[in-house]
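*Asks:* Attaching a single structure in structure tokens format; questions to follow.
The values are calculated or read from the model by the stated rules, or taken from the named source; none is laboratory data. All values reported here derive from a predicted model rather than from experimental measurement. So basically every Cβ, Gly included, is an ideal-geometry build from the backbone, and we count neighbours across all protein chains shown. All accessible areas refer to the heavy atoms of the entire protein, side chains included, with ligands and DNA or RNA removed. Shrake-Rupley method; radii C 1.70, N 1.55, O 1.52, S 1.80 Å.
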Amino acid sequence: MKKTICLFLYLFVAFTVFADNGYRLWLRYEPITNGPLLNTYKNHITGINFPGNSATLLAAKDELAMGLEGMLAKKIPFVNSVAAGLVIGTPASSPAIANLSIKDQLAKVGNEGFVIITTNSNQKNVTAIAANTDIGVLYGVFHFLRLLQTQQSLQRLSIVSSPKIKHRLLNHWDNLSRTVERGYAGFSIWDWHKLPDYIDQRYIDYARANASIGINGTVVTNVNANAMVLTKELLIKAAALAKAFRPYGIKLYLTARFSAPIEIGKLKTADPLDPQVKQWWKDKVNEIYSYIPDFGGFLIKANSEGQPGPQDYKRNHADGANMFADAVAPHGGIVMWRSFVYSSESPEDRLKQPYTEFTPLDGKFRENVAVQVKNGPLDFQPREPFSPLFGSMKKTPLFMEYQLTQEYLGYATHLVYMAPLFKDVLNADTYSKGPGSTVARVIDGSLQGHSVSGMAGVANIGNDINWTGHPFGQANWYTLGRLAWDHELSSEHIANEWIKQTFSNNKQFVDTVRKIMLESQEAMVNYMTPLGLHHIMGYGHHYGPAPWFDKASRADWNPVYFHKADAAGIGFDRTSKGSNYLSQYAPEVRSKYENISTCPEEYLLWFHHVAWDHKMKSGRTLWEELCFKYYSGVEAVRVMQKEWNGMKNYVDKQRFEQVRQLLAVQEKEAVWWRNSCLLYFQTFSKMPIPANYEKPDQTLEYYKSLSFPLAPGTGH
Ligand code: BDP
């Protein structure tokens, strides 16, 4: 009997210590193992003075109680005393907060920000978490828990924090059938069948995770929209989701199918200038608000990749967007109109089309319309220059759209930390109002003085136990929220925060894993699309390399359209001698890229068709450099593997093993990318792969013969 109990206890301890399925994300609240620090926390926090009982404050209290109990291994009571270590609330909810002289700080933080300061009561240090609103308090509580999880001192805090961007959003490309377009982490977490009566705990945990990083909106349906979500039955289900999210400050948005008035409204047209159509949308919107009083608004993909839109009726994007804007305006809703458009009829360089269609409409959109722009001009490639729309549309608020799901970045099998990619675009200078007109200032609204601002990430979330498939995919979700809150945070800082909360505060672990993360994007660029190559992946599913593919129904879906390799060289000439895409940028940007000698080599083949024997800065020829880059990409993954293997003792067995296996797949696929791309491009360059490199172990014919009919992410 005794033995059985011992064995049980042993297994229990072993399981809790060594297994972590990743479900808790960065909100793990593990016991703090640093003894002296734990003691200072315990001495400091003996009770919580936190009056108030709104749904949001109750959520904050629950989170705090759970977090503190987990980290301090002790229940911390809620007390009336103001000297017990923590006082929390708004001036309205908490007399203790109302008594503090923090008016100046509170005046700075607006409706969502918070103040965390160290004050004194009866000679005891007290931490005050204060805000103007309940949601500000919740954000403050999450920030405080982050300080503890990352083991910061509580001695002299003076934090005044508010979001730089107003709408901080996830975009789910989730279908009502629960497949996820470009989703690699299982099925959709929205269980439409069981809604509205069954509220899965996942919805609450999703809301907690989002609130912890400041995300305040979610578009729950695919941009390739299904009109059915606008029917009463589905709207009632959506309302149940909105209700679950509400205490966490998260608004629900939907995608609207432009042709819905025909499909579900039985009208003959969806013409945005038709009075009946306008009325149909007004009625529909009123109905939505009757179920969801704080409905956020619509995200719309129109006249793109076969989706219906205003151009079907010879109207333009502004006509379309404004119709929706007028319908949601009385309720305070917004319209996010996507600029990701390109037409099959236009022979124009595909990269030029969004600018060509949207720039003339600048100033023609209603005030509650934002144009949502993908970070780059093409489509979420491992590396892209910034979209020229960020510099050209000055009168329209522009939302940033990033893709967290790794459609073009190795699915959920490759480790790639996207903060450097996101920051690269944010830091880019558009010069639209002179030097310093960075994309960050465009999208936070400060450059042009817009009060509406937004940043969205196409979610990488599914019903996999750890939400994102790859344990490191969680870092990209985390990054989106943190950067939308404060785009000045560095990639290093965000990585540190995430690693410490998600895994461990151990310095060696943090330093090694941060290095892996920070180098991961460059590694991927090198083994997939170095030197400015782009869009050379498999057709349709976008899995793996297929630079040879030329059978798509439209030219600009073919990799050969994008790399233009021939006997003379490789790359897409987008200078004034080529497609003149560069004319869409300010002169300062244009001239830098136009000139092959000043064009950064990381974008060389994005902008120029370059001879195989062109001398690169390294002294190598272009062909040799291409080989060098592809081989370095693979080498970098091998280094990542070695470094991760050295982390075995610092991480739970389950996640260690997952990452180890995934890195092995990544290495294999990096080799596949390298070999097939080089063997294919070699058919044009006719130059040898330098002898000191390992030789491709398969032929080009073999790589070409591979097919992937079951690749995930393409179901509808
Ligand atoms: C492309 C995806 C496609 C999306 C489209 C979009 O392949 O599935 O519908 O982007 O953003 O990259 O609308």
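*Asks:* Would you pull out the residues with amide H under 5 Å of LEU299's amide H, same chain only if 5 or more places away, H placed 1.01 Å from N?
*Replies:* For LEU299, whose amide H was placed from the backbone, the distant partners under 5 Å are LEU254, THR255, ALA256, MET336.
*Asks:* Pull up the cross-link candidates among the lysines for LYS42, meaning alpha carbon to alpha carbon under 23 Å and not fewer than 8 places away within one chain.
*Replies:* LYS61, LYS74, LYS75, LYS124, LYS500, LYS507
*Asks:* Output the peptides 400-411, 676-687 sorted from most to least packed, where packing is the average of other Cβ atoms within 10 Å over each peptide's residues.
*Replies:* Packing order, densest peptide first, comes out as 400-411, 676-687.
*Asks:* Right, here's the next one. Could you go through segment 77-94 in sequence order and give the Karplus-derived ³J(HN,Hα) for each residue, using 6.51 cos²θ - 1.76 cosθ + 1.60 with θ = phi - 60°, rounded to whole Hz, and x for Gly and Pro?
*Replies:* Per residue, the Karplus-derived 3J(HN,Hα) values read x, 7, 10, 8, 4, 9, 10, 8, x, 10, 10, 9, x, 9, x, 7, 8, 10 Hz.
*Asks:* Using amide H atoms built 1.01 Å from N in the peptide plane, name the residues 5+ places from ILE48, or on other chains, whose amide H lies under 5 Å from its own.
*Replies:* PHE78, VAL79
*Asks:* Starting with the highest mean, order 440-447, 457-464 by the number of other Cβ atoms within 10 Å, averaged over the residues of each peptide.
*Replies:* By packing density, highest mean first, the sequence is 457-464, 440-447.
*Asks:* In whole percent, what relative contact order does the chain give with Cα contacts below 8 Å and a gap of six or more residues?
*Replies:* Normalised by residue count, the contact order of the chain is 12 percent.
*Asks:* Moving on. Within the set LYS515/LYS642; LYS108/LYS166; LYS243/LYS282; LYS564/LYS686; LYS243/LYS266, which residue pairs have Cα atoms separated by over 20 Å?
*Replies:* LYS243/LYS282; LYS243/LYS266
*Asks:* Using 0.36 nm per residue, how much length does the chain from LYS592 to ASN53 gain when fully extended, once their Cα-Cα distance is taken away?
*Replies:* Here the segment from LYS592 to ASN53 would lengthen by 188.3 nm.
*Asks:* Please give the charge dipole size of segment 253-378, origin at the Cα centre, charges +1 on K and R Cβ atoms and -1 on D and E Cβ atoms. Round to the nearest 20 debye.
*Replies:* Value, rounded to 20: 80 debye.
*Asks:* Here's something else I'd like to know. Show me 358-367, 296-305, 522-531 ranked by packing, highest mean number of other Cβ atoms within 10 Å first.
*Replies:* 522-531, 296-305, 358-367
*Asks:* May I ask you to evaluate 6.51 cos²θ - 1.76 cosθ + 1.60, the Karplus curve with θ = phi - 60°, for each residue of segment 673-690 and list the ³J(HN,Hα) values in order in whole Hz, giving x for glycine and proline?
*Replies:* 4, 4, 5, 5, 5, 5, 4, 6, 5, 5, 5, 9, 6, 6, 10, x, 6, x
*Asks:* A further question follows. Which one of GLY136, LEU604, ALA459 has its Cα pushed farthest toward the positive end of the charge dipole of the chain, where Lys and Arg give +1 and Asp and Glu give -1 at the Cβ?
*Replies:* GLY136
*Asks:* Next question. Once you charge only the Cβ atoms, +1 for Lys and Arg and -1 for Asp and Glu, what is the size of the charge dipole of the chain about its Cα centre, to the nearest 20 debye?
*Replies:* So the dipole magnitude of the chain works out to roughly 1340 debye.
*Asks:* Next question. From the residues MET640, PRO163, LEU415, which one has its Cα farthest along the dipole of the chain in the positive direction, the dipole being from +1 and -1 charges on Cβ of Lys/Arg and Asp/Glu about the Cα centre?
*Replies:* PRO163
*Asks:* Give the whole-number value, in cubic angstrom per residue, of the convex hull volume spanned by the C-alpha atoms of the chain.
*Replies:* Per residue, the Cα convex hull of the chain comes to 180 Å³.
*Asks:* Something else: Tabulate in residue order the Karplus-calculated ³J(HN,Hα) for segment 64-72, using 6.51 cos²θ - 1.76 cosθ + 1.60 with θ = phi - 60°, rounded to whole Hz; enter x for Gly and Pro.
*Replies:* Running phi through 6.51 cos²θ - 1.76 cosθ + 1.60 with θ = phi - 60° gives 5, 4, 5, x, 5, 4, x, 7, 9 Hz.
*Asks:* Test of understanding: extend the Cα→C-beta vector of SER101 to 7 Å, then name every residue of segment 67-94 with backbone N under 19 Å from that spot.
*Replies:* Only 91 fall inside the zone, counting backbone N under 19 Å.
*Asks:* Separate question: Could you sort PHE78, PHE472 by accessible area so the largest value comes first, with the probe set to 1.4 Å?
*Replies:* PHE78, PHE472
*Asks:* Does segment 44-126 come out rounded, prolate or oblate, given a ≥ b ≥ c as the square roots of the eigenvalues of its C-alpha gyration tensor, rounded meaning a/c under 1.5 and, failing that, prolate meaning a/b above b/c?
*Replies:* Because a/c hits 1.5 or more and a/b fails to exceed b/c, segment 44-126 counts as oblate.
*Asks:* Same structure, new question: Among all the aspartates and glutamates, which ones have a C-alpha under 19 Å from LYS629's C-alpha, if same-chain residues fewer than 8 places away are not counted?
*Replies:* GLU384, GLU519, GLU522, GLU601, GLU602, ASP613, GLU667, GLU669, GLU694, ASP697
*Asks:* Once you keep just the Cα pairs under 8 angstrom separated by 6 or more residues, what percentage relative contact order results for segment 100-243?
*Replies:* 22 percent
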